[in-house]
Amino acid sequence: QKEVEQNSGPLSVPEGAIASLNCTYSDRVSQSFFWYRQYSGKSPELIMSIYSNGDKEDGRFTAQLNKASQYVSLLIRDSQPSDSATYLCAVKVDNFNKFYFGSGTKLNVKP
Amino acid sequence: SQTIHQWPATLVQPVGSPLSLECTVEGTSNPNLYWYRQAAGRGLQLLFYSVGIGQISSEVPQNLSASRPQDRQFILSSKKLLLSDSGFYLCAWRHTSGSNNEQFFGPGTRLTVL
């Protein structure tokens, strides 16, 4: 059974701070990792993908992957109220067609 | 560029009525296609996925079924809806060529069963 765990939150941070979202997964052979942002009432939007250990930066977002610890995180720098949403972590195992999603962490950025 | 469409956007149906939700993808060929359901305040539940025309893998045994009559068309159906079928239904697609594993979601259909 492949499991993806996220703290449901809510995680509250002040505007301009760094938001840190964490995700752990149970399958050691998981190879591809994704972060989605989902605004209330909307569909998930892909914001980051990461495939190898280390950091990957895209604008204000940084994804961090540690396969040995089975841990992936998302850092949001200079958080804005518009970043307030639920963030979903997803993992995929190579050669399998399914994605496994966490239940999401709700982020509130306070002005 | 690729685009994914779902319709209808919103649907209110009585218990016991049939259901048909449609998803189409533009701008790609032979995508993997997925149906998910998200209950209020919950995570994503994978219902079905398809790797090609006529091929359907079912993840959850329920009163729902899926079909893929064309390469870029994915349909979710039910003969008789239950109250528990209410939720946000999301279609998603993924490239099958290259190393890009990214999955992209459509706008979703919000279904309320009364």
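Nothing in this text is a laboratory measurement; each read-out follows from the coordinates by a stated rule. Everything quoted here is computed from the prediction, not taken from an experiment. No Cβ is skipped: glycine too gets one built from the backbone with ideal geometry, and neighbour counts run over all protein chains shown.
Given points 7 Å out from each Cα along the Cα-Cβ axis, report the A:Glu5 to A:Ser40 separation in nanometres with one decimal.
Roughly 2.9 nm, to one decimal.
Please list, in order, the residues from region B:76-104 whose amide nitrogen is less than 14 Å from a point placed 7 Å along the Cα→Cβ vector of B:Ser29.
Once the point is set 7 Å along Cα→Cβ of B:Ser29, B:96-98 turn out to lie under 14 Å by backbone N, inside region B:76-104.
Out of all DSSP beta bridges with both ends in chain A, state the antiparallel percent to the nearest 5.
On the way: 38 of 42 bridges.
Of the beta bridges lying entirely in chain A, close to 90 percent run antiparallel.
What distance in nm separates the simple spin-label points at A:Asn22 and A:Phe96, each placed 7 Å from Cα in the Cβ direction?
2.4 nm
Among B:Leu81, A:Leu74, B:Leu46, rank each residue by its count of other Cβ atoms within 10 Å, from fewest to most, as a rough exposure measure.
Details: B:Leu81 21, A:Leu74 24, B:Leu46 18.
Going from least to most buried by this count: B:Leu46, B:Leu81, A:Leu74.
Which entries of A:Lys67/A:Lys110; A:Lys67/A:Lys98; A:Lys42/A:Lys106; A:Lys42/A:Lys98; A:Lys42/B:Lys79; A:Lys106/B:Lys79 show an alpha-carbon separation above 24 angstrom in the structure shown? Present the calculation step by step, with values, prior to reporting the outcome.
Values: A:Lys67/A:Lys110 33 Å; A:Lys67/A:Lys98 19 Å; A:Lys42/A:Lys106 14 Å; A:Lys42/A:Lys98 22 Å; A:Lys42/B:Lys79 27 Å; A:Lys106/B:Lys79 35 Å.
Cα-Cα > 24 Å for A:Lys67/A:Lys110; A:Lys42/B:Lys79; A:Lys106/B:Lys79; rest within.
In whole Hz, with x marking every Gly and Pro, tabulate ³J(HN,Hα) for region A:41-51 from phi via Karplus 6.51 cos²θ - 1.76 cosθ + 1.60, θ = phi - 60°.
Per-residue couplings from phi come out as x, 10, 7, x, 10, 5, 10, 8, 10, 9, 10 Hz.
Going by amide H atoms built from the backbone, whose H comes under 5 Å of the H on A:Ala17, apart from near neighbours?
A:Ser79
Label-point separation (nm) for A:Arg77 and B:Val12, each offset 7 Å from Cα along Cα-to-Cβ?
It is 4.8 nm.
Where does each of A:Phe34, A:Phe96 land when they are ranked from fewest to most other beta-carbon atoms within 10 angstrom?
On the way: A:Phe34 24, A:Phe96 13.
Listed from fewest to most nearby Cβ atoms, that is A:Phe96, A:Phe34.
Over chain B, what is the mean sequence separation of C-alpha contacts under 8 Å (at least six apart), divided by residue count, expressed as relative contact order in percent?
Numbers: 286 pairs, mean separation 40.4, N = 114.
RCO, chain B: 35 percent.
Mind sorting B:Val60, A:Val93 by how few other Cβ atoms lie within 10 Å of their own Cβ, fewest first? Working shown, then result.
On the way: B:Val60 10, A:Val93 18.
Listed from fewest to most nearby Cβ atoms, that is B:Val60, A:Val93.
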